[in-house]
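Taken together, the values in this text are just the output of simple stated rules run on the coordinates, not laboratory data. No experiment lies behind these values; they were computed from the predicted model shown. Positions of Cβ are backbone-derived with ideal geometry, glycine not excepted, and every protein chain shown enters the neighbour counts.
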Amino acid sequence: FEEKLRRIQRLEVVGQLAGGIAHDFNNLLTVVIGNLDLIQSDPKDSERVSRLAASALQAGERGAELVHRMVAFSRQQTLDPHQIDLNEVVTRMSEMLRPTLSARIAIELKLAPELWTAFADPGQLEDCLLNLALNARDAMPDGGTLTFETANRVFDTTHTARDSELKPGAYLMLSVSDTGVGMSPDVLAQAVQPFFTTKEVGKGSGLGLSMVYGFLKQSGGHLDIYSEAGLGTSVKLYLPRSVGAVAAEPPPPAAQIVGGK
Ligand code: ADP
């Protein structure tokens with residue numbers, strides 16, 4: 001019986017993961033289709049066409065990578081963490097997103113200078129950011145501002161939210177904020193649950209935030225969500241600072257927050 005239970009639990013995890021990958025794959029397809037649609041609407045502007053095509057190509061390549069990872073996972077492979085320059089990832093993601101967002105959505109970057117190096121799986125981090133950015137887009141049907149922010153953070157005491165704990169130490173904060181519809185306390189409380197969605201059938205799988213949450217937990221990081229109905233939402237990801245980088249750098253400067261809450 002114990003063994004059966006373990007198998008069922010493992011199946012549940014695989015099911016959640018597969019659903020999550022399908023969700024991410026769908027997000028990437030949204031980018032590809034959106035860009036092709038824009039190309040079709042005005043195929044003569046070659047400079048614009050080549051920009052849109054480059055972005056669609058990048059999303060297509062990410063999709064291929066995702067499928068590759070799904071195959072790798074079925075062979076029981078896990079996260080492949082690397083040292084990451086979050087400012088570079090955010091800058092690249094925002095360029096990739098621009099054509100997918102309506103002109104009424106402004107993208108703002110608040111990148112901390114002298115940001116430490118993070119340690120996480122870069123492909124999965126990008127999937128998380130895409131999920132969060134598309135949630136922000138959905139929350140701003142009448143336009144608004146999507147803000148990406150990075151900062152170095154030091155926690156002196158254990159920081160707890162939901163059922164995840166962040167041990168004291170050095171972390172990188174990356175937030176994705178919108179000025180959209182926000183969430184009621186009731187929705188906020190359930191937002192991270194797998195398959196919880198308030199979106200119409202076919203528009204949401206309810207797996208985006210649960211994937212982000214799972215990724216951070218597995219990476220030794222942490223997820224905080226601040227949201228207020230009518231005002232907007234800020235999703236903060238905390239990733240561990242790369243230990244390898246610590247030895248190579250001068251002592252850490254004091255925690256910095258650039259325009260944070
Ligand atoms: P999905 O986007 O497929 O619904 P998620 O797990 O990403 O799945 O989100 C779950 C729910 O949380 C959404 O249906 C929505 O109600 C709420 N939510 C997530 N992100 C935001 C946001 N930026 N603004 C407002 N509500 C959000």
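Looking at the stretch 36-68, which trypsin sites (Lys or Arg not before Pro) are DSSP coil and have at most 14 other C-beta atoms within 10 Å of their C-beta?
Those that pass, being in a loop and sparsely packed, are Lys44.
What is the stretch 12-64's relative contact order, in percent, from Cα pairs under 8 angstrom and six or more apart in sequence?
Relative contact order for the stretch 12-64 comes out at 43 percent.
In debye to the nearest 20, how big a dipole does the stretch 132-187 give about its Cα centre with +1 on each Lys and Arg Cβ and -1 on each Asp and Glu Cβ?
Result for the stretch 132-187 is approximately 200 debye, rounded to the nearest 20.
Sort Tyr226, Tyr213 so that the residue with the fewest other Cβ atoms within 10 Å of its own Cβ comes first and the one with the most comes last.
Ascending number of Cβ neighbours within 10 Å: Tyr226, Tyr213.
Where Rh denotes the Kirkwood radius from the mean inverse Cα pair distance, what is Rg over Rh for the stretch 89-237?
Checking Rg against Rh, the ratio lands at 0.94.
Going by how many other beta carbons lie within 10 Å of each one, how would you line up Met140, Met173, fewest first?
Going from sparsest to densest Cβ surroundings: Met140, Met173.
For the stretch 143-209, rounded, prolate or oblate, judged on the Cα gyration tensor with a ≥ b ≥ c (square roots of eigenvalues), a/c < 1.5 rounded, else prolate if a/b > b/c?
Because a/c hits 1.5 or more and a/b fails to exceed b/c, the stretch 143-209 counts as oblate.
Could you list the square roots of 5 times each eigenvalue of the Cα gyration tensor of the stretch 101-179, that is, the equivalent ellipsoid semi-axes, sorted largest first and rounded to whole Å?
Semi-axes from the Cα gyration tensor: 26, 15, 13 Å.
If neighbour count is taken as other Cβ atoms inside 10 Å, put His68, His222, His159, His23 in order from fewest to most.
Ordered from fewest to most neighbouring Cβ atoms within 10 Å, His68, His222, His159, His23 come out as His68, His159, His23, His222.
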